There are 2 protein chains.
Amino acid sequence: MSTTVVTPFKHEGHDHDHCVDDALARAERQCERRGVRLTPIRRRVLELIWRRHEPMKAYDLLDMLRAERRSAAPPTVYRALDFLLEEGLIHRIESLNAYVGCGDPDRPHVGQFLICRHCNAVAEMNDADVHKVLADKAGDLGFQVGTQTIEINGLCPICRDQGHALNAV
Amino acid sequence: MSTTVVTPFKHEGHDHDHCVDDALARAERQCERRGVRLTPIRRRVLELIWRRHEPMKAYDLLDMLRAERRSAAPPTVYRALDFLLEEGLIHRIESLNAYVGCGDPDRPHVGQFLICRHCNAVAEMNDADVHKVLADKAGDLGFQVGTQTIEINGLCPICRDQGHALNAV
DNA sequence: TACGACGTGTTATATTGTTGCACAAGCAAG
DNA sequence: CTTGCTTGTGCAACAATATAACACGTCGTA
Ligand SMILES: [Zn+2]
Ligand SMILES: [Zn+2]
Ligand SMILES: [Zn+2]
Ligand SMILES: [Zn+2]
């Protein structure tokens, strides 16, 4: 069993205030250690992402930023996102054009995402078996693996238990 | 060994004219069987995608279409792409905002893509082991799998043999 | 002080994708 | 054949996502 849940579903009973505070504290420590600056804008964007604990769109973040910082513009948020991506503090969900916080930014990795199509909850796995089987199969074809984009769309435990069905979108 | 290569890399010695003709003939048979219409526009877009045998952007297709059909506009190409996606004749590569032909449109499936970061070549796998390990791991977390987006970026056999390195982008 | 690196403000632009409505082409029932 | 329905296309505008270019300010350091 090599499954590592990097970030669990939001529902799965957790003290979310604590979860956000934790993520910000981790980010601050990590940035200090690396000698990079978690400026107010960057910190605020990271906080907005964690607050919702679900994939956030760049322009939704921009609207929120604008509410408190009149000068915010697209570059403001995209620069912050670039920084956070660079430092591994967030991941980009390609299939949604959205961004989620990473629960384990310390070691660089690519995420394996489970995305609920009903409630938008996202969990991040980092499973060595998944990585290995893909690398092996790709290797069989002579392909050298760089970055894996793995995004699984489906139903989270809560929504499944509530009777939502896959085919109903 | 459950690896099925749905669409191999373009390089791997193949008669490309034949490959395009084949794809179009398959598409025509399939559309007829299903009672849907492979109209001239749809057929032409599919052909443009197969001609290049690599991920094609919507607006690049639009430019090509416009060269021969003055009235072409964004909806023209997006409607054709929607149709082709619906019928499984092409796949969308989320990480590139691009579209590639599917080598096995008959049975619906999601693709597992190997994308060369140097030459843009794409191969499509449809590997049961990959699907299973992901479904199992997701299932362990109570997640019911719907659609998998799997896109591996790296180096194709040709580019790797030519000494291109992963880190050099 | 002077310099250089970095972060931000600002404006404009590029890229990717959608909506709405009118009209035409294909097809089936009468 | 012709009426009416469904599907496909033309067209215009727009929405959503992302980047470019340049000016300016702050801060650490030679
Ligand atoms: Zn939380
Ligand atoms: Zn859910
Ligand atoms: Zn070919
Ligand atoms: Zn290559």
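The values are calculated or read from the model by the stated rules, or taken from the named source; none is laboratory data. Note that the structure is predicted; figures quoted are calculated from it, not measured. Note that each Cβ is placed from the backbone with ideal geometry, even for glycine, and that neighbours are counted across all protein chains shown.
Are any of the residues in the range A:39-53 within 14 Å of another protein chain (Cβ to nearest Cβ), without any contact (Cβ under 8 Å) to a residue 24 or more places away in the chain and away from ligand 4 (no atom under 16 Å from the Cβ)? Scanning the range A:39-53 turns up no residue that is within 14 Å of another protein chain (Cβ to nearest Cβ), without any contact (Cβ under 8 Å) to a residue 24 or more places away in the chain and away from ligand 4 (no atom under 16 Å from the Cβ). Filtering the range A:18-32 for residues that are within 14 Å of DNA strand C (Cβ to nearest atom) and loosely packed, with under 13 Cβ neighbours inside 10 Å leaves a non-empty set. Scanning the range A:155-169 for residues that are more than 7 Å from chain B (Cβ to nearest Cβ) and buried (at least 17 other Cβ atoms within 10 Å of the Cβ), we see that the one that is modelled with the lowest pLDDT is A:His164. As a summary of the residue check, B:His91 satisfies the conditions (1) within 16 Å of DNA strand C (Cβ to nearest atom); (2) touching a helix residue (DSSP H, G or I) at 6+ places or on another chain (Cβ under 9 Å); (3) assigned to a helix (DSSP H, G or I) except for the one numbered (3).
Here are some residues: A:Ile152, A:Ile115. Which one is outside any helix (DSSP H, G or I), buried (at least 21 other Cβ atoms within 10 Å of the Cβ) and either modelled with pLDDT under 95 or facing chain B (nearest Cβ under 7 Å) (or both)?
Working: A:Ile115 fails: either modelled with pLDDT under 95 or facing chain B (nearest Cβ under 7 Å) (or both).
Only one candidate passes the filter, namely A:Ile152.
Which one of these is more than 28 Å from B:Gln148 (Cβ to Cβ) and surrounded by fewer than 21 Cβ atoms within 10 Å (Cβ to Cβ): A:Arg51, A:Arg107, A:Arg92?
Selected residue: A:Arg51, the only one of A:Arg51, A:Arg107, A:Arg92 that is more than 28 Å from B:Gln148 (Cβ to Cβ) and surrounded by fewer than 21 Cβ atoms within 10 Å (Cβ to Cβ).
Right, A:Ala123: surrounded by 23 or more Cβ atoms within 10 Å (Cβ to Cβ) and at negative phi or not? Steps first, answer last, please.
On the way: surrounded by 23 or more Cβ atoms within 10 Å (Cβ to Cβ): yes; at negative phi: yes.
Considered against the rule, which asks whether it is surrounded by 23 or more Cβ atoms within 10 Å (Cβ to Cβ) and at negative phi, A:Ala123 comes out as yes.
Of the residues in the range B:33-46, how many are of a type outside the set (A, V, I, L, M) and buried (at least 17 other Cβ atoms within 10 Å of the Cβ)? Selection size over the range B:33-46: 3. Return yes or no: is B:Met56 closer than 30 Å to B:Asp129 by Cβ and out of contact with any Ser or Thr (no Cβ under 9 Å at 6 or more places or on another chain)? Considered against the rule, which asks whether it is closer than 30 Å to B:Asp129 by Cβ and out of contact with any Ser or Thr (no Cβ under 9 Å at 6 or more places or on another chain), B:Met56 comes out as yes.
Among the candidates B:Ala121, B:Ala138, which residue alone is within 22 Å of B:Glu94 (Cβ to Cβ) and more than 8 Å from every other protein chain (Cβ to nearest Cβ)?
On the way: B:Ala138 fails: more than 8 Å from every other protein chain (Cβ to nearest Cβ).
Only one candidate passes the filter, namely B:Ala121.
Considering (1) more than 7 Å from chain B (Cβ to nearest Cβ); (2) touching a residue at least 60 places away in the same chain (Cβ under 8 Å), the lone condition that A:Pro108 does not fulfil carries the number (2).
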